[in-house]
Amino acid sequence: MDLSFTELDSLKPELGAEFTGEGTHFALFSAHAEKVELCLFAKDGKRETARLALPNREGDIWSGFIAGLSPGTIYGYRVHGPYDPANGHRFNHNKLLLDPYAKQIFGRLQWHDALFGYQVGDAQADLSFDERDSAPFMVKAVVQDPDFDWSGEEAIRRPWNDTIIYEAHVRGLTMLHPKIPDEVRGTFRGMAHPVIIDHLTRLGITAIELLPVQHFVDDQHLIDKGLSNYWGYQPLGYFAPEPRYLSSGSIQEFKSAVKAFHAAGIEVILDVVYNHTAEGSELGPTLGFRGIDNMSYYRQSPQEFRHTFDTTGTGNTLNVAHPMVLRMVLDSLRYWVTAMHVDGFRFDLASALGREDLDFDREGGFFDAIRQDPVLAGVKLIAEPWDVGDGGYQLGGFPPPFREWNDRFRDDVRRFWRRDEGMLPSLAQRLAGSSVEFNHAGRTATSSINLVSAHDGFTLADVVSFNERHNAANGEENQDGHSANHSDNLGAEGPTEDREITERRFCRRRALLATLMLSQGVPMILGGDELGNSQAGNNNSYCQDNSTGWIDWGAANPDFLEFCRSVVAFRSGHGLVKQNQFLDEEAVRWFAAEGQVMSQQLWEDPKTSIVGMLLLGDGQQADLLIVMNAGEECHFMLPREYKEGLRWRRVLDSGTGDFSDRAANVVELVPGQSVVVFLADT
């Protein structure tokens with residue numbers, strides 16, 4: 001085969017490697033390069049078989065076409081240019097670089113000093129220059145054939161108010177499931193196994209949100225400790241599924257998994273990390289972006305271009321304010337929607353994406369670009385509304401159609417059920433959809449993604465079992481992870497055989513989950529919480545690709561699982577708890593235990609620990625009374641005078657886990673640490 005570039009009739013606009021049916025077109029962006037070389041490799045990925053300079057340049061796009069070059073070809077780039085760290089340029093053609101548009105990854109990164117553009121350990125640090133070839137240690141890209149049989153598959157596009165999210169990790173969800181074959185555990189095939197889909201369907205889940213599945217790197221310091229980057233928040237390839245999740249190496253496995261979820265009515269949302277990459281600070285390795293065009297891809301310190309500007313806590317910040325970097329992000333998002341058929345994205349540290357210059361701007365280019373994009377504006381978009389930079393906490397600050405993770409919901413709900421004093425007004429805010437944060441700029445009551453636990457922090461079972469984090473296994477002297485967990489071990493730190501403590505823990509877990517499901521907004525369940533999964537008090541399992549981070553299916557409590565199914569079904573069947581618009585004064589009323597409307601004095605009393613939230617129906621839906629009691633067992637007088645002939649039925653009791661439907665008395669006993677729901681029977 002003639003490995004040389006040939007002319008095309010016209011330049012192609014696509015970046016990356018595109019198989020046309022007659023050959024493969026390669027294109028790479030670099031504004032400051034002097035030459036770009038395409039390197040082709042043998043099937044084993046070890047031997048470089050050709051090195052060809054891309055012949056065409058238009059603007060800052062370097063490109064070339066090789067006739068007859070077919071899918072499966074392994075390749076990388078070497079980019080020539082100035083090595084001038086003081087001015088932000090770090091070109092080193094000795095380093096093989098991953099195509100930012102690579103759609104499949106070959107191999108696994110092997111840490112070696114040759115991966116760095118400078119001589120590690122040199123007295124001049126990154127001002128020195130390393131001439132070793134990094135190719136033997138680098139991952140490579142693979143030319144992809146885009147064909148896949150999507151017949152019979154359709155996008156679901158479920159309304160937000162009917163959405164129930166399940167956050168899960170591909171390996172964590174599947175590694176310990178006894179009915180998943182060993183050879184597909186920890187992969188997309190295992191994740192889409194019928195037993196997983198059946199479990200999610202019976203639970204009432206409508207969307208699975210996956211921790212990062214785009215290609216990522218294991219940090220060297222973790223490997224040195226015998227650990228790994230389990231969560232995946234060190235991205236390197238924004239178009240490629242992570243190879244460790246492919247049992248056969250084919251990216252078609254991901255497409256097959258999406259197709260299977262869609263057939264079951266479950267949407268697929270990806271947790272994506274466009275705020276930084278795995279290359280770290282200026283002292284990090286040269287794996288791709290840094291060697292292709294450091295000054296374009298990364299934000300540099302405004303004081304000295306030698307140093308990266310870090311608002312993410314990882315050493316670098318991707319420069320989405322640059323038009324071509326923004327294009328890459330948008331191209332990546334569109335690829336996952338159009339080619340992979342995913343239904344939405346959760347943006348990690350999304351405040352970093354909204355920084356124009358140095359400050360956050362809700363009208364910034366990234367948000368404007370997504371909002372006008374006909375592909376992306378119609379999918380589910382979720383922001384993690386903070387980063388670690390100044391002014392990074394932006395809960396409520398994102399424009400529609402973004403929804404946002406609401407950590408204040410998590411903290412306030414945990415504190416209320418922990419019986420912290422003075423939490424009733426905050427609880428009411430969370431029950432009503434956090435309108436203080438979100439009811440502006442035409443946003444809806446589904447703007448808040450409500451959670452009581454997530455991958456980052458304690459599991460639900462650990463919230464009621466540990467007062468302190470237990471992260472020693474992470475190798476950071478138990479200093480990592482949140483210190484303010486608002487948790488309560490209820491009398492014993494960790495596992496206990498004390499039946500009274502165990503029952504109190506079950507009771508509080510049911511109350512927490514019921515609060516999540518009965519609040520306005522969009523609920524998100526952490527995968528495994530419905531089973532009672534514990535991480536033994538580790539609240540930062542980012543590096544624990546083992547039994548600590550995996551869901552223990554064998555320890556599932558069937559009674560709690562049944563309660564979870566029932567409370568999810570209750571939410572799904574009652575529109576008053578999942579409204580699109582924020583509640584106004586005509587739609588909600590608040591009652592005290594004695595049956596009267598809550599007074600200002602009761603709201604302000606720090607010891608008030610019980611309230612009834614009355615949601616008024618519209619003729620099609622019966623009134624709903626939700627009683628929250630964080631204190632001791634007490635009587636509650638059901639409101640009647642506001643509507644003639646009103647009678648109530650008791651339909652949910654988290655204290656006992658009872659969903660039986662019975663006629664209610666004028667005064668009802670409400671167990672301590674419980675949510676009790678009454679349905680009007682007129």
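The values are calculated or read from the model by the stated rules, or taken from the named source; none is laboratory data. In this text the structure is predicted, and so the values were computed from the model without any measurement. We place every Cβ from the backbone using ideal geometry, glycine too, and count neighbours over all the protein chains shown. Note: accessible area is taken over every heavy atom of the protein model, side chains too, but ligands, DNA and RNA are not part of it. Shrake-Rupley method; radii C 1.70, N 1.55, O 1.52, S 1.80 Å.
Some points to look at:
- Summary value for the range 169-237: 25 percent relative contact order, contacts being C-alpha pairs under 8 angstrom separated by 6+ residues.
- 1.4 Å probe accessible area per residue over the chain, in Å²: 37
- Set against the labelled values (1) 176; (2) 161; (3) 149, volume of the Cα convex hull per residue in Å³ computed from this structure falls on (2).
- Note on the chain: dipole from Cβ charges, positive end direction compared against THR312, GLY595, GLY396; the farthest Cα belongs to GLY595.
- Think of each Lys and Arg Cβ as +1 and each Asp and Glu Cβ as -1; about the Cα centre, that makes the dipole of the range 530-677 roughly 260 debye.
- Over the range 204-248 - Rg/Rh using Cα atoms and the Kirkwood inverse-distance radius: 1.07
- Inter-part distance where the range 332-357 and the range 217-275 are each reduced to a Cα centre, Å: 15
- Backbone phi angles across the range 381-388, fed through the Karplus curve with coefficients 6.51, -1.76 and 1.60 (θ = phi - 60°), yield HN-Hα couplings of 10, 10, 9, 7, x, 7, 9, 9 Hz in residue order; Gly and Pro are listed as x.
- For the range 169-203 versus the range 7-39, the gap between their alpha-carbon centres in whole angstrom: 39
- Taking the DSSP bridge list for the range 311-465 and keeping only pairs wholly inside it, about 20 percent are antiparallel.
- Legend: distances between Cα atoms for LYS35/LYS225; LYS179/LYS380; LYS43/LYS380; LYS12/LYS95; LYS35/LYS259; LYS140/LYS225; pairs beyond 30 Å are LYS35/LYS225; LYS179/LYS380; LYS43/LYS380; LYS35/LYS259.
- Once Rg and the Kirkwood radius are both taken over the C-alpha atoms of the range 54-199, their ratio Rg/Rh works out to 1.10.
- Over the range 449-539, equivalent-ellipsoid semi-axes from the Cα gyration tensor in Å: 21, 18, 10
- Diffusion of the range 265-313 by Stokes-Einstein, at 4 °C in a medium of 1.567 mPa s and with Rh set to the Kirkwood radius over alpha-carbon pairs, works out to 105 µm²/s.
- Nearest-20 debye value, the range 438-549 charge dipole, Cβ charges on Lys, Arg, Asp, Glu: 600
- The range 1-139, accessible surface, carbon-and-sulfur percent (1.4 angstrom probe): 47
- Considering only ALA352, GLY378, GLY365, the residue lying farthest towards the positive end of the dipole of the range 337-389 is GLY378, judged by Cα position with unit charges set on Cβ.
- On the basis of the beta-carbon distance and an R0 of 51 Å, ASP498 and ASP373 show a calculated FRET efficiency of 0.40.
- Summary value for the chain: 10 percent relative contact order, contacts being C-alpha pairs under 8 angstrom separated by 6+ residues.
- Ranked by how many other beta carbons lie within 10 Å on average, peptides 477-486, 503-512 from highest: 503-512, 477-486
- Highest mean packing first, where packing is the average number of other Cβ atoms within 10 Å per residue, the peptides 145-151, 614-620 line up as 614-620, 145-151.
- For the chain, the dipole from Cβ point charges (+1 on Lys and Arg, -1 on Asp and Glu) about the Cα centre works out to 1100 debye, to the nearest 20.
- Each DSSP beta bridge with both residues in the chain is either parallel or antiparallel, and the antiparallel ones are about 70%.
- Dipole of the range 533-628 [Lys/Arg +1, Asp/Glu -1 at C-beta], most positive-end residue of THR548, GLY617, PHE563: THR548
- Residue ranges 343-349, 13-19 sort as 343-349, 13-19 when ordered by packing (mean number of other C-beta atoms within 10 Å per residue, highest first).
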